[in-house]
Amino acid sequence: MEFIETYNLEGLLTGLCTFLIIGLFHPLVIKGEYFFGIKCWWGFLILGVACTILSVYIQNNMASIMLGVTAFSSFWSILEVFEQRERVKKGWFPKNPKRK
């Protein structure tokens, strides 16, 4: 961590991690809607609340920032789950034949 602070790389590291976290949530929304339907929004809500609480209590700046980014990515994913359902209805994504 000293190397990152010495060369003032916190901003770049934050940007990279934010990019990766958002990139991770995209397939999570798709797979969550495919396997569980819109009921998976509860999981995103619980994860978002947990990450929000942890972000407030963690003393390390970078860890707190990453938890905050994860929290809000999770909250945004709740909206995306419902939009994913509409994309499936339009035929843009496959519907799970095993789910009603």
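Could you grab me the full set of residues in the range 59-81 that are of a type in the set (Val, Ile, Thr) and over 16 Å from THR14 (Cα atoms)? Within the range 59-81, ILE78, VAL81 qualify. Considering only the range 61-69, I want to know if a residue exists there that is among the polar types (S, T, N, Q), over 15 Å from the mean Cα position of the chain (by Cα) and outside any helix (DSSP H, G or I). So far as the range 61-69 goes, no, none of its residues is among the polar types (S, T, N, Q), over 15 Å from the mean Cα position of the chain (by Cα) and outside any helix (DSSP H, G or I). Tallying residues that are touching a residue at least 40 places away in the same chain (Cβ under 8 Å), closer than 18 Å to VAL81 by Cβ and out of contact with any helix residue (DSSP H, G or I) (no Cβ under 7 Å at 6 or more places or on another chain) within the range 37-64 yields 1. Out of all the residues in the range 71-90, is one or more within 25 Å of GLU5 (Cα to Cα) and of a type in the set (S, T, N, Q)? So far as the range 71-90 goes, no, none of its residues is within 25 Å of GLU5 (Cα to Cα) and of a type in the set (S, T, N, Q). A single member of GLU80, GLU86 is buried (at least 17 other Cβ atoms within 10 Å of the Cβ), acidic (Asp, Glu), part of a helix (DSSP H, G or I) and modelled with pLDDT of 95 or more, and it is GLU80. Against the criterion of being out of contact with any His (no Cβ under 7 Å at 6 or more places or on another chain), among the small types (Gly, Ala, Ser) and either open to solvent by less than 50 Å² (accessible area, probe 1.4 Å) or on the phi > 0 side of the Ramachandran plot (or both), GLY11 does not qualify. Scanning the range 61-77 for residues that are open to solvent by less than 70 Å² (accessible area, probe 1.4 Å) and under 15 Å from LEU28 (Cα atoms) returns THR70, ALA71, SER73, SER74, PHE75, SER77.
In the set ILE46, ILE58, ILE22, only one residue is in contact with a Ser or Thr (Cβ under 7 Å, 6 or more places away or on another chain), open to solvent by 80 Å² or more (accessible area, probe 1.4 Å) and on the phi < 0 side of the Ramachandran plot; that residue is ILE22.
The helices (runs of 4 or more DSSP H) found entirely in the range 1-57 that carry 2 or more residues being under 16 Å from PHE75 (Cα atoms) and hydroxyl-bearing (Ser, Thr, Tyr) are 41-57.
The values are calculated or read from the model by the stated rules, or taken from the named source; none is laboratory data. Keep in mind it's a predicted model, so treat the numbers as computed, not measured. Please note: Cβ atoms are built from the backbone with ideal geometry, for glycine as well, and neighbour counts cover all protein chains shown. The protein model used for the area step is the full one, side chains on, heavy atoms only, and it has no ligands, DNA or RNA in it. Shrake-Rupley method; radii C 1.70, N 1.55, O 1.52, S 1.80 Å.
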